[in-house]
1. Pick out which of LYS62, LYS140, LYS93 has the largest mean-square fluctuation in a Gaussian network model of the chain, springs linking Cα atoms closer than 10 Å.
2. Given the -39500 (n - 2.57) contribution per DSSP H run of 4+ residues, what per-residue ellipticity at 222 nm results for the chain, rounded to the nearest 500 deg cm²/dmol?
3. Roughly how many Å² is the accessible area per residue of the range 1-115, as a whole number, for a 1.4 Å probe?
4. Using DSSP, restrict attention to beta bridges with both residues in the range 1-147 and report what percent are antiparallel, rounded to the nearest 5.
5. In degrees, nearest 10, range 0 to 90: what is the angle between the Cα axis of helix 143-167 and the longest Cα principal axis of the chain?
6. With θ taken as phi - 60° and the coefficients 6.51, -1.76 and 1.60, list the Karplus ³J(HN,Hα) couplings across the range 7-22 in order, rounded to whole Hz; mark glycine and proline as x.
7. For the range 66-129, what mean projected area does the convex hull of the alpha carbons give, in nm²?
8. Once phi is turned into ³J(HN,Hα) by the Karplus curve 6.51 cos²θ - 1.76 cosθ + 1.60 with θ = phi - 60°, what whole-Hz value does each residue of the range 87-95 show in order, with x for glycine and proline?
Amino acid sequence: MTRKVINSMDEIKGLRIRVNTEIAPIITALGGSPVTIPIPETYDSVKKGLLDGLLFPIEALKGWKLAEVVSCVLESKATAYGTSLYVVMNKDKWNSIAPADQAVIEKLNEEMIEKQGKAWDSETVLAVEDATKKGVKFVKISAADDAKNVAKVQPILQKYVDDMKAKVCLVMKP
């Protein structure tokens, strides 16, 4: 998402892009300048010109009212937004729960994955409709541009995967 309309990822060179800390290297690899600020400060920062763009999920256009302060959404696989949602429980506490109750919780978790995914997809559709009405332009970059940018960020994503695999210490099911 950017304040001005851009048509390729090359145009983010030098732009100040709000990102989460863990994905800042992606913006750097693409030539932008990553800025990490709390989400509640984002709207005003864009409005005041302190930020040129944002790396956010599409639903934030409506949920965080960002469609009021951005002009463009550049659609790219290289910067597709992804996040993990999870619930954490102390392993000893989990082991203290009866196996039958654990099974119920695991079944509910599986159901919630689907429900949450559908809810997120629904919110995205509503956000696109709302943003389009507000004049936000959606630009899908060319396949060639996308492939070039995916190649730039692939080492960053692989490093993240490798780092996470090294840190995994909890196995949900034996």
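The values are calculated or read from the model by the stated rules, or taken from the named source; none is laboratory data. As the structure is a computational prediction, the values presented were derived from the model and not from experiment. Neighbour counts run over all protein chains shown; Cβ positions are idealised from the backbone, glycine included. Only protein heavy atoms, including side chains, enter the accessible area calculation; ligands, DNA and RNA are left aside. Shrake-Rupley method; radii C 1.70, N 1.55, O 1.52, S 1.80 Å.
1. Its mean-square fluctuation being the largest, the pick is LYS93.
2. Numbers: 6 runs with 82 residues, N = 174.
Using -39500 (n - 2.57) per qualifying helix, the result is -15000 deg cm²/dmol.
3. On the way: 6870 Å² over 115 residues.
Here the per-residue accessible area is 60 Å².
4. Within the range 1-147, antiparallel bridges account for around 20 percent of the total.
5. Orientation of helix 143-167: about 30 degrees from the principal axis.
6. With the stated coefficients, the range 7-22 comes to 10, 8, 5, 4, 6, 8, 3, x, 6, 8, 10, 6, 9, 6, 3, 5 Hz.
7. On the way: hull surface 26.6 nm².
Projected over every direction and averaged, the Cα hull of the range 66-129 covers 6.6 nm².
8. 10, 10, 9, 4, 4, 5, 5, 4, 5
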